[in-house]
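A.B. asks: Can you read through this structure? Questions will come right after.
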Amino acid sequence: PNTNNEKYQRELDQLKSLVEQMITAKKEYYSAKSDTDKKLWKKKIDLLDKQIDNLVYELYELTPEEIKIVEESV
């Protein structure tokens with residue numbers, strides 16, 4: 001990817017923010033007392049995980065075919 005443009009830098013900033021949110025969400029998940037809270041945090045973690053994946057795919061300019069290969073291999 002072109003690492004010298006503004007779009008790339010914005011995407012990196014967004015990725016950093018999502019990762020920070022993920023760290024917080026995982027801490028909250030592991031410290032949650034009730035099953036309801038755990039389920040809530042698990043949904044948040046799953047959402048953040050998908051957002052991170054999509055942003056990484058965009059950063060690396062993956063095609064839909066390449067994304068399918070990556071997702072099937074995990």
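A.B. asks: Considering only residues that are touching a helix residue (DSSP H, G or I) at 6+ places or on another chain (Cβ under 7 Å), among the charged types (D, E, K, R) and within 22 Å of GLU71 (Cα to Cα), which ones fall in region 27-48?
C.D. replies: Once the filter is applied, which keeps residues that are touching a helix residue (DSSP H, G or I) at 6+ places or on another chain (Cβ under 7 Å), among the charged types (D, E, K, R) and within 22 Å of GLU71 (Cα to Cα), region 27-48 yields LYS42, LYS44.
A.B. asks: Modelled with pLDDT of 95 or more and in contact with a Lys or Arg (Cβ under 7 Å, 6 or more places away or on another chain) - does that describe any residue in region 4-15?
C.D. replies: Checking region 4-15: not a single residue is modelled with pLDDT of 95 or more and in contact with a Lys or Arg (Cβ under 7 Å, 6 or more places away or on another chain).
A.B. asks: Looking at region 27-71, which of its residues are closer than 13 Å to LEU15 by Cβ and not hydroxyl-bearing (Ser, Thr, Tyr)?
C.D. replies: LEU48, ASP49, GLN51, ILE52, ASP53, ASN54, LEU55, VAL56, GLU58, LEU59
A.B. asks: Filter region 1-30 down to residues that are closer than 26 Å to TRP41 by Cα, among the β-branched types (Val, Ile, Thr) and either free of Cβ contacts under 8 Å to residues at least 12 places away in the same chain or open to solvent by 100 Å² or more (accessible area, probe 1.4 Å) (or both), then give me how many there are. If you could, list the steps in order and put the result at the bottom.
C.D. replies: Our first condition is that a residue be closer than 26 Å to TRP41 by Cα; within region 1-30, this holds for 11-30.
Remaining after also requiring among the β-branched types (Val, Ile, Thr): 19, 23-24.
Those still in the list that are either free of Cβ contacts under 8 Å to residues at least 12 places away in the same chain or open to solvent by 100 Å² or more (accessible area, probe 1.4 Å) (or both) too: 23-24.
The number of residues fulfilling the criteria is 2.
A.B. asks: Right, another one. Any residue in region 42-68 that is in contact (Cβ under 8 Å) with a residue 60 or more places away in the chain sitting within a Cβ distance under 9 Å of a residue that is surrounded by 11 or more Cβ atoms within 10 Å (Cβ to Cβ)? List the pairs, counting only those 6 or more apart or interchain.
C.D. replies: Cβ pairs passing all conditions: GLU61/PRO1.
A.B. asks: Next question. For GLN9, are the conditions met, namely being in contact with a helix residue (DSSP H, G or I) (Cβ under 7 Å, 6 or more places away or on another chain) and either of a type in the set (S, T, N, Q) or assigned to a helix (DSSP H, G or I) (or both)? Walk me through how you get there before you give the answer.
C.D. replies: Working: in contact with a helix residue (DSSP H, G or I) (Cβ under 7 Å, 6 or more places away or on another chain): no; either of a type in the set (S, T, N, Q) or assigned to a helix (DSSP H, G or I) (or both): yes.
Judged against the criteria, GLN9 is not a match.
A.B. asks: Being open to solvent by 80 Å² or more (accessible area, probe 1.4 Å) and assigned to a loop (DSSP other than H, G, I, E, B), is that true of even one residue in region 43-52?
C.D. replies: no
The values are calculated or read from the model by the stated rules, or taken from the named source; none is laboratory data. Keep in mind that this is a model prediction, so the values were computed, not measured. Cβ atoms come from the backbone with ideal geometry, glycine included; neighbour counts cover every protein chain shown. SASA here: full protein model, heavy atoms, side chains in, ligands and nucleic acids out. Shrake-Rupley method; radii C 1.70, N 1.55, O 1.52, S 1.80 Å.
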